[in-house]
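As structure tokens, the structure follows; a few thoughts come after it.
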Amino acid sequence: MPGNGSLVPKANTSDYKSCPQFWHPLESRCFKFVSEPKHWIEAQLNCIRLEGSLASVHNMNEYRFVQRLTEGSNGVMVEAWLGGTDAILEGTWIWIDSTLFDFTFWSPGEPNNDGNQNCLQINYGDHKKWDDLNCYKKRPSICVTRVRR
Ligand SMILES: [Ca+2]
Ligand SMILES: [Ca+2]
């Protein structure tokens, strides 16, 4: 029926309707890829405007899920911000969504704080792992929010 497609329940993704439109559900959270490159703090402010935060990831399954969101039509997964930062205390990493920093997937030799790098980008290097980068660099980003019940 044309015109009211958004009202049709998605039978094959039972928790879809719990996430805002155009967000992607994974367990109790919803993720959104923001393609426009932004400074890390601008990316976080943008996520807050969307009623979320820059995303955290807590296991490999969540990381692979987030990576797929960054994949363009050419199949390339672009470098993008997550919500990790050690700007408050050098070497002490936190997630800005206030969850525990309990999983890491750093590239070899990272984080190296090269020239003062305090923000976490993903899809870095040949192995598409994590890197600390200067927070003033501009990257696409991934926001997260809680499923709304
Ligand atoms: Ca640092
Ligand atoms: Ca680095």
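Residues that are in a strand (DSSP E or B), over 10 Å from Val78 (Cα atoms) and of a type in the set (D, E, K, R) within segment 113-141 comprise Lys129, Asp131, Asp132, listed in sequence order.
Does segment 131-142 include one or more residues that are away from ligand 1 (no atom under 16 Å from the Cβ), among the hydrophobic types (A, V, I, L, M, F, W, C), within 21 Å of Asn59 (Cβ to Cβ) and surrounded by fewer than 17 Cβ atoms within 10 Å (Cβ to Cβ)? Within segment 131-142, none of the residues are away from ligand 1 (no atom under 16 Å from the Cβ), among the hydrophobic types (A, V, I, L, M, F, W, C), within 21 Å of Asn59 (Cβ to Cβ) and surrounded by fewer than 17 Cβ atoms within 10 Å (Cβ to Cβ). Among the criteria (1) more than 13 Å from the chain's Cα centre (by Cα); (2) surrounded by 16 or more Cβ atoms within 10 Å (Cβ to Cβ), the one Gly84 does not fulfil is (1). Here Glu110, Glu90 are screened, and the one residue that is within 14 Å of ligand 1 (Cβ to nearest atom), of a type outside the set (Gly, Ala, Ser), surrounded by 15 or more Cβ atoms within 10 Å (Cβ to Cβ) and farther than 19 Å from Lys32 by Cα is Glu110. The residue that is surrounded by the most Cβ atoms within 10 Å (Cβ to Cβ), among those in segment 93-107 that are over 9 Å from Ala55 (Cβ atoms) and more than 16 Å from ligand 2 (Cβ to nearest atom), is Ile96.
Determine if segment 61-76 includes at least one residue that is free of Cβ contacts under 8 Å to residues at least 40 places away in the same chain, of a type in the set (Val, Ile, Thr), closer than 16 Å to Leu120 by Cα and outside any loop (DSSP other than H, G, I, E, B). No, because not a single residue in segment 61-76 is free of Cβ contacts under 8 Å to residues at least 40 places away in the same chain, of a type in the set (Val, Ile, Thr), closer than 16 Å to Leu120 by Cα and outside any loop (DSSP other than H, G, I, E, B).
Bear in mind that the values in this text are calculations on the coordinates, not laboratory data. No experiment lies behind these values; they were computed from the predicted model shown. Cβ atoms come from the backbone with ideal geometry, glycine included; neighbour counts cover every protein chain shown.
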